[in-house]
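Below is one structure, written out as structure tokens; the observations come after it.
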């Protein structure tokens, strides 16, 4: 379906609500009037950044601005639906959708003042991760590089202790490194670097040696 085929259902929908509707008005996709009220609709097959730019420009004309997008085949929302709605609500814009299969048009929500709600769980996790890191080993903007998290930092420190001291007890490692969850990291062995040789005593596996040689420069920054 093309954008031009989305227009007729929208025009019919707005006219049924008493609006006079015109398209392509000064580069605006759709403009409608009822009484002294104007509203603007920008159409796109799918939600994208170009649509956001257009909506921001239209907000300079009126507060009644809508995004009008096509639902996926089968009338299913894309995975990014919640993010799309969040962006539109933050812009104080409304959302109209067209079901590609049934041709049914729905006013999902209207423009309204947005009240920002902080996600305190995510905030707490982000602060905990930030404050727990001892050094910045990651490259900002990278997507395929290995990430050095707080958990990985602690696991590396434990592994390097074992590398230098050989098989050691959980108690000794915890006391020397002051890592509260030493026993948990060793027993869960998420990275498969550790193996238990006796009760409460661990040594390294060959897996860590491969990791150490590959990331030696970064490990040296962490383990000084």
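Values in this text are rule-based calculations from the coordinates and carry no lab data. Predicted model only: the values in this text are computed from it and were never measured. Methodologically, a virtual Cβ is constructed for each residue, glycine included, from the backbone with ideal geometry; neighbour enumeration extends over all protein chains shown.
Key figures
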| read-out | value |
| --- | --- |
| Structure-derived mean projected area of the Cα convex hull in nm²: which label, when the choices are [x] 10.8; [y] 13.9; [z] 18.1 | [z] |
| Rounded to 10°, Cα long-axis angle of helix 49-58 versus longest principal axis of the chain | 50 degrees |
| FRET efficiency for residue 45 and residue 110, using Cβ-Cβ distance with R0 set to 22 Å, rounded to 0.05 | 0.50 |
| Sites residue 37 and residue 133, calculated FRET efficiency, Cβ-Cβ separation with R0 35 Å, nearest 0.05 | 0.10 |
| Over segment 158-224: Rg over Rh, Cα atoms, Kirkwood Rh | 0.94 |
| Nearest-0.05 FRET efficiency for residue 122 and residue 146, computed from C-beta distance (R0 22 Å) | 0.45 |
| Residue exposure sequence - 23, 116 - by fewest surrounding Cβ within 10 Å | 116, 23 |
| Order of 184, 136, 29 - criterion: other Cβ atoms within 10 Å of each residue's Cβ, fewest first | 136, 184, 29 |
| Cα gyration tensor shape for segment 3-109, rounded if a/c is under 1.5, else prolate or oblate | oblate |
| Gain upon complete extension [residue 171, residue 85; 0.36 nm per residue less C-alpha separation] | 25.9 nm |
| Shape of segment 46-153, Cα gyration tensor, a/c cut at 1.5 | prolate |
